[in-house]
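Note sheet for the following structure.
The values are calculated or read from the model by the stated rules, or taken from the named source; none is laboratory data. Since this is a predicted model, take the numbers as computed values, not measurements. Positions of Cβ are generated from backbone atoms using ideal geometry, with glycine treated the same way; all protein chains shown enter the neighbour counts. Just so you know, the surface numbers come from the protein's heavy atoms only, side chains and all, with ligands and any DNA or RNA stripped out. Shrake-Rupley method; radii C 1.70, N 1.55, O 1.52, S 1.80 Å.
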There are 2 protein chains.
Amino acid sequence: MDTKIFCLGILSFGDATGYEIKKQLEGPFRHFYDASFGSIYPALGKLTDAALVERTELAQDKRPDKKVYSITPAGKMALMDELAKPISGDKVKSDFLATIVFSELLSPAAIDQMIADRLAAYDSAITELDCEQTMTGPGAHFVCGFGKALYTAARDYLENHRHEIVGHSLLTKSEKVL
Amino acid sequence: MDTKIFCLGILSFGDATGYEIKKQLEGPFRHFYDASFGSIYPALGKLTDAALVERTELAQDKRPDKKVYSITPAGKMALMDELAKPISGDKVKSDFLATIVFSELLSPAAIDQMIADRLAAYDSAITELDCEQTMTGPGAHFVCGFGKALYTAARDYLENHRHEIVGHSLLTKSEKVL
DNA sequence: TCAGTCTTATATTGGATCGACATATATCAA
DNA sequence: TTGATATATGTCGATCCAATATAAGACTGA
């Protein structure tokens, strides 16, 4: 799903500006989807060119002008077509797990710090995703619970298996590796 | 962690060609990290220019020529410096969860199919990650177990909460939404 | 009060990256 | 014999991220 389709999806819930679409992605959703201004604004431009959304310029008092986008009937059809297609697998890029694979090159203290940081990050993510009540729509509700379950499982696994990655540092065995 | 650092990490385990680095990313690791030829080959070129790796051309019988890369002492230092830096959070892009958020626009049959596909994908991922024995190094061992725990939690949550997302289709309430 | 930061809002740019394709040869199966 | 798979390197267009630019009001603490 590229940024164009994602924007169409957000606009299917109601009109929004590019800025507001980006705001949505700073809440709990950012844990499973993200997009930057550098992809949102061009996407909205292309959608407008293709008549899948309509742009209404709105001059505001004491605020920069807004450009409010609304989905068109053609846009809703394009969105539904796209959603019905087979879904590609999740794309994950975890610097944490990659670092663990290479963790023999880290000092035991650095590994401990990394694990502590990660456990704290899981805790704050779990807290942030504890938001099923405030989310609008059954889909968003499900997604928050799903995220919470995953982060909880990750937290538990890391706590119970952290001993497997400490104590293997090559740096403890010889001071110089080079 | 960009592709250059990732390649340095793989090369810290031993010499490899670009093709072999890519091969590593088609096994269990692809679930948490990926890179294409379009980023691996340019990365190896830049690493060579920076003298962080060395290239040895190897003519082969009945096979295309190989370019075997080895990490240099400077490369190992650069890798260790990079690994010691604070780790950025995982980047996840889940078309599945995004589609669930927009699932009111899908037919109940399409939602059921999507869930069935996803459960099957989790099962095959869990099977593929059941490889702690064959993996070299404690880091890789940990990562496989971690992945298995996460996919198992995802599978369980989806099975136990799938009812929350079916039965909310707007298409069942009125045949035409447009 | 006044500098500094935050928020709203749009947009661009450079570099990184993906996915698809191109090229070449060899093997193996239908 | 036709097509698929494997080895091996590489390029190209489109996309995308992170950072930066611009601009103006609101808040905040010294």
Qualifying positions in region B:25-43 - more than 15 Å from B:Leu8 (Cα to Cα) and either basic (Lys, Arg) or buried (at least 19 other Cβ atoms within 10 Å of the Cβ) (or both): B:Pro28, B:Phe29, B:Arg30, B:His31, B:Phe32
Go through region A:91-109 and count every residue that is touching a residue at least 40 places away in the same chain (Cβ under 8 Å) and not in a helix (DSSP H, G or I). 2
Please tell me if A:Asp65 is open to solvent by 20 Å² or more (accessible area, probe 1.4 Å) and at pLDDT below 95. yes
If you go through region A:35-89 one residue at a time, how many are assigned to a helix (DSSP H, G or I), hydrophobic (A, V, I, L, M, F, W, C) and closer than 16 Å to A:Glu20 by Cβ? 5
For region B:4-24, how many residues are among the hydroxyl-bearing types (Ser, Thr, Tyr) and either under 18 Å from B:Val92 (Cβ atoms) or open to solvent by 20 Å² or more (accessible area, probe 1.4 Å) (or both)? 2
Is it the case that B:Cys144 is outside any helix (DSSP H, G or I), open to solvent by less than 20 Å² (accessible area, probe 1.4 Å) and within 26 Å of A:Met114 (Cβ to Cβ)? no
In the set B:Val92, B:Val53, which member is within 22 Å of B:Gly9 (Cβ to Cβ), more than 7 Å from chain A (Cβ to nearest Cβ) and hydrophobic (A, V, I, L, M, F, W, C)? B:Val53
For region B:1-34, which residues satisfy the criterion of being outside any helix (DSSP H, G or I), within 12 Å of chain A (Cβ to nearest Cβ), in contact with a strand residue (DSSP E or B) (Cβ under 9 Å, 6 or more places away or on another chain) and free of Cβ contacts under 8 Å to residues at least 60 places away in the same chain? B:Tyr33, B:Asp34
Every residue from region A:3-33 that is at pLDDT 95 or above, within 11 Å of DNA strand D (Cβ to nearest atom) and within 29 Å of A:Ala121 (Cα to Cα): A:Thr3, A:Phe6, A:Cys7, A:Tyr19, A:Lys22, A:Tyr33
Condition check: assigned by TED's automatic domain parsing to the domain that holds B:Pro73, at pLDDT 95 or above and at positive phi. Does B:Gly45 satisfy that? no
Let me confirm something: among A:Ser124, A:Ser39, which residue is within 12 Å of chain B (Cβ to nearest Cβ), within 23 Å of the chain's Cα centre (by Cα) and within 16 Å of DNA strand C (Cβ to nearest atom)? A:Ser39
(1) closer than 21 Å to A:Asp156 by Cβ; (2) surrounded by fewer than 21 Cβ atoms within 10 Å (Cβ to Cβ); (3) not small (Gly, Ala, Ser) all hold for B:Glu128 apart from (1)
Just a yes or no: is a residue in region A:44-55 among the hydroxyl-bearing types (Ser, Thr, Tyr), surrounded by fewer than 17 Cβ atoms within 10 Å (Cβ to Cβ) and within 11 Å of DNA strand D (Cβ to nearest atom)? no
